[in-house]
Amino acid sequence: MSQVVSYELHGNIGVISVNNPPVNALAQVVREGILNAVKQAQGDASEAIVLRCEGRTFIAGADITEFGKPPMAPALPDVLTEIENSSKPVIAAIHGTALGGGFEVSLACHYRCAVASAKVGLPEVNLGLLPGAGGTQRVPRVAGVKAALDMITSGRPIAAGKAKDMGLIDEVVAGDDLQAAAIAYANELVKAGAPLKRIRDITIDPASIEPGFFETARKNLAKRARGQIAPDRIVSCIEAAVKLPMDEGLQRERELFSELVKSPESAAMRHIFFAERQAAKIKDLPKDTPLRAINKVAIIGGGTMGGGIAMCFANVDIPVVMVEINDEALERGLGIVRKNYSITVKKGKMSEAQMESRLELISGTTDYADIADVDLVIEAVFENLDLKKEIFTKLDATCKQGAILATNTSYQDVDAIANATSRPQDVLGLHFFSPANVMKLLEVVRGAKTADDVLATSMAIGKKIGKICALSRVCYGFIGNRMLTGYGREAQMLLLDGCTPTQVDSTLEGFGMAMGPLAMGDLAGLDVGYKARQARTDLPDDPKLFRMGTVLVEMDRLGQKTGAGYYKYDPETRARLADPEVEALIKEEAAKLGIEQREISEEEILQRCFYPLINEGALILEEGIAQRPSDIDVVYVYGYAFPAAKGGPMFYADQIGLKNVYDKICEFRDRYGEDYWQPAPLLKELAEKGSSFAEWAAEQG
């Protein structure tokens, strides 16, 4: 028997126990142990077999570290065949989460019981994969085709109660002792002479599926796929479950699983999976760094951003005080929070009672004295450095010693803000992304004097409120917004060179970006970028630079909020529409600047928008602003909607080849000038060595 899998008799019930911390992943030793235990049970005095797990969870999935390596016997399908063909009923006893291969193990069992808090799911789509051990064949046979499609293409786990309603779980058991409850359930089945209920024996009547169902599903999924191919292949597998016998369906599933494992899309998504976990680790921070207690939080500023941040803390039961300049602003801010929660209630994702309990955790004040006892303050006022410094001087005078003072600035100097206090060691940046209650990314900005425990506490509290944290040092715009300058610059330069706004945005959206840069500018408000540019002193004095954005703002075309920007917007649906007036205006401006417009390929649009991101990312790495290339990828996937199926800009660059990126940047430098196109020294060095960002990161340790 495997060291991580044990088997023993409890009366007439054989109990297989898996103990492979931390999440009982299906490593080779686990698969072998389960296989041997099931075989052993066939010849002993047991009348039924319970499969359970030690620790905090049932089998939470495959061992992802085995992906891409030579397969080691036994393969998971062989283990499931042994379970399914057992002459005695096998009962899965589920607690925690049964995910991916773990849930597929339970589906091969004849019965499934679970504690009420358990969840089951098939999240493989989030790694660019599909369930490869029968999940796409068994779930539709039990839960129905539509439910299976929704479950597998979303990757979302399902609570035990709902899973029971869907037929995926047979019994939700009570009590704290799952093993005892599972043994009792097994004995009930034995006494009742329960049959060996094999999901593979269920057939789906093809006539029960409405005509065109799978074609419609493919089209709908393609609209939100953003470069991912796994959803399409999942549809093919579920279609096979309807049209083919079980063994042929399993073969089709394995073929498509193998295709996805080798695909660049899955490689990119697996990269992001590991990068997300790596980003939480700060290289020079001792693991035993103590944390400060965060039991109460204050937010300075009750606007859209401040309200969203307040919700993040209320959602995890941490009381929040919102500070505003007057009662009117405070009421408006609290009203924004209530409105946001009301939308969630209307969508059925929260009850009225839950909303009220969270709102009770958010109070307001206009007096700084009321936040003297908080453990963390986050300033979220508009981007004016003098105003922020003034606020931090007040916080320094008001807040207790040991309180963490954070600024939510998008690009201001965190060190200058920290120096407005007598305790710069307690100051850092916590850059939330809008809307803060929805967006996953949190840039944690480490000041020159930020204390280790302040940093460790901020990373921990970010995780607690459900954010993916990435560390940045101080520079203009930190990681994300600093890199964005070149991306936005080239989007506008492309207009002058001959593109329409629709051409630029549709090309980037076709690549997988959630929204093109010009449409995004309209959404945010073109005046936001305009004001930010006015405050900068580092931009070249060039009439071409951000020309169209400036012209449109000065025409009071500010984007969606004024009904017109780069596009026109339908006043009722807010749908964006190409605007011939803007397209004519672009031609006029190009003529004034002496620019001869031309046809521009999609390839050039992608290169001119993305290569500045990559080049600036290389500079950020050289300067030590970001810890590692994969952290930059995390920032862009979770903060700027870069498609996960492309892995982030630095991973994407490695896939293209840094020599190709470098050569093209040199070509653009010769064509458009050194002000905008100057290869980063690190990019040049790696390109000439034939190396990659990933290899450079490995050398850095």
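A few points about this structure:
- Taken over the range 319-336, the residue count meeting the criterion of being charged (D, E, K, R) and either exposed (fewer than 12 other Cβ atoms within 10 Å of the Cβ) or outside the structural domain of residue 369 (by TED's automatic domain parsing) (or both) is 2.
Listed here are the residues, each with its yes/no results for (1) modelled with pLDDT under 95; (2) farther than 19 Å from residue 112 by Cα; (3) in contact with a strand residue (DSSP E or B) (Cβ under 7 Å, 6 or more places away or on another chain).
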position	(1), (2), (3)
1	yes, yes, yes
24	no, no, yes
48	no, no, yes
57	no, no, yes
63	yes, yes, yes
66	yes, yes, no
69	yes, yes, no
72	yes, yes, no
89	no, no, yes
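- Candidate set from the range 389-423 (those that are under 19 Å from residue 333 (Cα atoms) and not hydroxyl-bearing (Ser, Thr, Tyr)); member that is farthest from the chain's Cα centre (by Cα): 391
- When the range 114-132 is limited to residues that are in a strand (DSSP E or B) and among the aliphatic types (A, V, I, L, M), the one that is surrounded by the most Cβ atoms within 10 Å (Cβ to Cβ) turns out to be 114.
- Checked against the criterion of being more than 23 Å from the chain's Cα centre (by Cα) and farther than 28 Å from residue 464 by Cα, the range 219-230 has at least one qualifying residue.
- Selection status of residue 254, in contact with a Pro (Cβ under 8 Å, 6 or more places away or on another chain), in a helix (DSSP H, G or I) and of a type in the set (Lys, Arg): yes
- Meets criteria (surrounded by fewer than 17 Cβ atoms within 10 Å (Cβ to Cβ), in contact with a helix residue (DSSP H, G or I) (Cβ under 7 Å, 6 or more places away or on another chain) and over 23 Å from residue 251 (Cβ atoms)) for residue 95: no
- Per-region count, the range 127-165, residues under 25 Å from the mean Cα position of the chain (by Cα) and among the β-branched types (Val, Ile, Thr): 4
- Count of residues meeting criterion [within 21 Å of residue 78 (Cα to Cα), touching a residue at least 12 places away in the same chain (Cβ under 8 Å) and not aliphatic (A, V, I, L, M)] in the range 209-255: 5
- Qualifying position, being touching a residue at least 12 places away in the same chain (Cβ under 8 Å) and more than 26 Å from residue 480 (Cβ to Cβ), among 614, 586: 586
- The residue pairs whose first member lies in the range 456-471 and is touching a residue at least 24 places away in the same chain (Cβ under 8 Å), whose second member is polar (S, T, N, Q), and whose beta carbons are closer than 6 Å, counting only pairs six or more residues apart or on different chains, are 456/289; 471/627.
- Test for residue 59: is it part of a loop (DSSP other than H, G, I, E, B), in contact (Cβ under 8 Å) with a residue 24 or more places away in the chain and either in contact with a helix residue (DSSP H, G or I) (Cβ under 7 Å, 6 or more places away or on another chain) or outside the structural domain of residue 164 (by TED's automatic domain parsing) (or both): yes
- Within the range 562-579, considering residues that are basic (Lys, Arg) and at pLDDT 90 or above, the one surrounded by the most Cβ atoms within 10 Å (Cβ to Cβ): 576
- Scanning the range 276-293 finds no residues that are part of a helix (DSSP H, G or I), in contact with a Phe, Trp or Tyr (Cβ under 6 Å, 6 or more places away or on another chain), more than 21 Å from residue 232 (Cα to Cα) and among the aliphatic types (A, V, I, L, M).
- In a residue-by-residue description of the range 151-172, the property of being under 23 Å from residue 17 (Cα atoms), of a type in the set (Asp, Glu) and part of a loop (DSSP other than H, G, I, E, B) applies to at least one position.
- Those residues of the range 126-156 which are among the small types (Gly, Ala, Ser) and touching a Pro at 6+ places or on another chain (Cβ under 6 Å), in sequence order: 133, 148, 155
- Taken together, the residues in the range 395-425 that are part of a helix (DSSP H, G or I), more than 22 Å from residue 382 (Cβ to Cβ) and in contact with a helix residue (DSSP H, G or I) (Cβ under 6 Å, 6 or more places away or on another chain) amount to 1.
- Residue in the range 415-442 that is surrounded by the most Cβ atoms within 10 Å (Cβ to Cβ), counting only those that are among the hydrophobic types (A, V, I, L, M, F, W, C) and over 18 Å from residue 472 (Cβ atoms): 420
- Of everything in the range 512-547 that is farther than 30 Å from residue 223 by Cα and among the hydrophobic types (A, V, I, L, M, F, W, C), the residue that is modelled with the lowest pLDDT is 535.
For every residue, the table says whether it meets (1) modelled with pLDDT of 95 or more; (2) in contact with a helix residue (DSSP H, G or I) (Cβ under 8 Å, 6 or more places away or on another chain); (3) over 17 Å from residue 271 (Cα atoms).
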residue: 606; (1), (2), (3): yes, yes, yes
residue: 612; (1), (2), (3): yes, yes, yes
residue: 624; (1), (2), (3): yes, no, yes
residue: 629; (1), (2), (3): yes, yes, no
residue: 635; (1), (2), (3): yes, yes, no
residue: 678; (1), (2), (3): yes, yes, yes
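- Selection within the range 18-43: residues that are in a helix (DSSP H, G or I) and touching a helix residue (DSSP H, G or I) at 6+ places or on another chain (Cβ under 8 Å). The member of this set that is surrounded by the fewest Cβ atoms within 10 Å (Cβ to Cβ) is 39.
- Test: residue 368 is over 14 Å from residue 306 (Cβ atoms), aromatic (Phe, Trp, Tyr) and at pLDDT below 95: no
- Within the range 301-374, helices (runs of 4 or more DSSP H) holding 2 or more residues that are farther than 17 Å from residue 436 by Cα: 327-346, 352-359
The values are calculated or read from the model by the stated rules, or taken from the named source; none is laboratory data. In this text, all values refer to a predicted model and were calculated from it rather than measured experimentally. Quick reminder, even Gly has a Cβ in these numbers, built from the backbone with ideal geometry, and neighbours come from all protein chains shown.
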